[in-house]
Amino acid sequence: MKTSRLLLDGDILAYRTCWAAQTEVQWDDGIVTTGTNLRELEVTAKQSMDHWKEKLGIDDMVVAFSDPRGRYFRHNILEDYKGNRKSTKKPLGYKHLVKHIHENYTTMVLPECEADDVLGILATDGTHDDTIVSIDKDMLTIPGKYYNMDTEITETITAELADYMHLYQTLVGDSTDNYKGCPGVGPKKAAEILRTPTWPQVLLTFISKGFTEADALVQAQVARILRADDYDFTREEVVLWEPLKI
């Protein structure tokens, strides 16, 4: 019998904890300073983790973080991936809190991977009965159990739904991550197209808009949140998604 395991998105935990604790002081001379309490960050993060463990009845936990270098395999496919985030500033205490979590909890980072990918790989490796804890809609592309931090609702994502959502993201893109999907295809149109949820149907849509199969594959590979079969641990390399996997 597989043991239960909680898989936590450490990027989200650290960002939310640090932004919530950051304070601003305006002095009489017009100078504004910001500050944070490092001990408060550590305590608050622990309280959050303990809450999710208790809520889900799971003690075993792995906290996933993105490669701190900020260069991901998706940049090799689409150079301007997340190009709209270049000026994003991390909150005060972020590096301290991430270091603290690495030193005091079980964590995982994979080269050129984002936290989402680490979560997807672990959740589909077949070793545990996993529950992903996040707020990211991309987790809907990973088969298994997904607990939303905000709604506090646990969903079971079937393999069929996960594959559908991957094709859906390929079509609609994600402005937050700066990949376009298929121009002219929004959520409603994508749902109509995916009444037949197959790669040929997606490819036909791209071609009808004047794009090539290579163009469609770029969007699909960027949209793909890695699963266990998409990563070679021996070589520490991503195995890029190909249509035959569906």
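Filter the range 107-123 down to the residues that are assigned to a loop (DSSP other than H, G, I, E, B) and not aliphatic (A, V, I, L, M), then identify the one that is surrounded by the fewest Cβ atoms within 10 Å (Cβ to Cβ). Break it down stepwise before answering.
Here is the first cut: in the range 107-123, the ones assigned to a loop (DSSP other than H, G, I, E, B) are 109-114.
Within this subset, residues satisfying the condition of being not aliphatic (A, V, I, L, M) are 111-114.
Numbers: Pro111: 12, Glu112: 17, Cys113: 26, Glu114: 26.
Applying the filter and picking the extreme gives Pro111.
Taken across the range 216-232, residues that are open to solvent by 70 Å² or more (accessible area, probe 1.4 Å) and without any contact (Cβ under 8 Å) to a residue 60 or more places away in the chain do not occur at all. The helices (runs of 4 or more DSSP H) found wholly in the range 141-214 and carrying at least 1 residues that are within 22 Å of Thr124 (Cα to Cα) occupy 159-172, 199-208. Residues of the range 162-194 that are under 18 Å from the mean Cα position of the chain (by Cα) and either open to solvent by 70 Å² or more (accessible area, probe 1.4 Å) or among the basic types (Lys, Arg) (or both): Ser175, Thr176, Lys180. The listed residues are Arg16, Arg74, and the only one of them that is in a helix (DSSP H, G or I), open to solvent by 70 Å² or more (accessible area, probe 1.4 Å) and closer than 28 Å to Asn178 by Cβ turns out to be Arg16. Residues of the range 51-65 being loosely packed, with under 13 Cβ neighbours inside 10 Å and either in contact (Cβ under 8 Å) with a residue 12 or more places away in the chain or part of a loop (DSSP other than H, G, I, E, B) (or both), which ones? Of everything in the range 51-65, those that are loosely packed, with under 13 Cβ neighbours inside 10 Å and either in contact (Cβ under 8 Å) with a residue 12 or more places away in the chain or part of a loop (DSSP other than H, G, I, E, B) (or both) turn out to be Gly57, Asp59.
Kindly provide the set of residues from the range 77-106 that are surrounded by fewer than 17 Cβ atoms within 10 Å (Cβ to Cβ), in a loop (DSSP other than H, G, I, E, B) and of a type outside the set (Phe, Trp, Tyr), ordered by number.
First, the residues of the range 77-106 that are surrounded by fewer than 17 Cβ atoms within 10 Å (Cβ to Cβ): 79-80, 83-90, 95-96, 99, 102-106.
After this cut, where a residue has to be in a loop (DSSP other than H, G, I, E, B) as well, the list is 79-80, 86-90, 105-106.
Glu79, Asp80, Lys86, Ser87, Thr88, Lys89, Lys90, Thr106, listed by residue number.
The values are calculated or read from the model by the stated rules, or taken from the named source; none is laboratory data. Keep in mind it's a predicted model, so treat the numbers as computed, not measured. Using ideal geometry, Cβ is built from the backbone for each residue, glycine included, and neighbour counts are taken over all protein chains shown. To get the accessible areas, we keep the full protein, side chains included, count just its heavy atoms, and leave off ligands, DNA and RNA. Shrake-Rupley method; radii C 1.70, N 1.55, O 1.52, S 1.80 Å.
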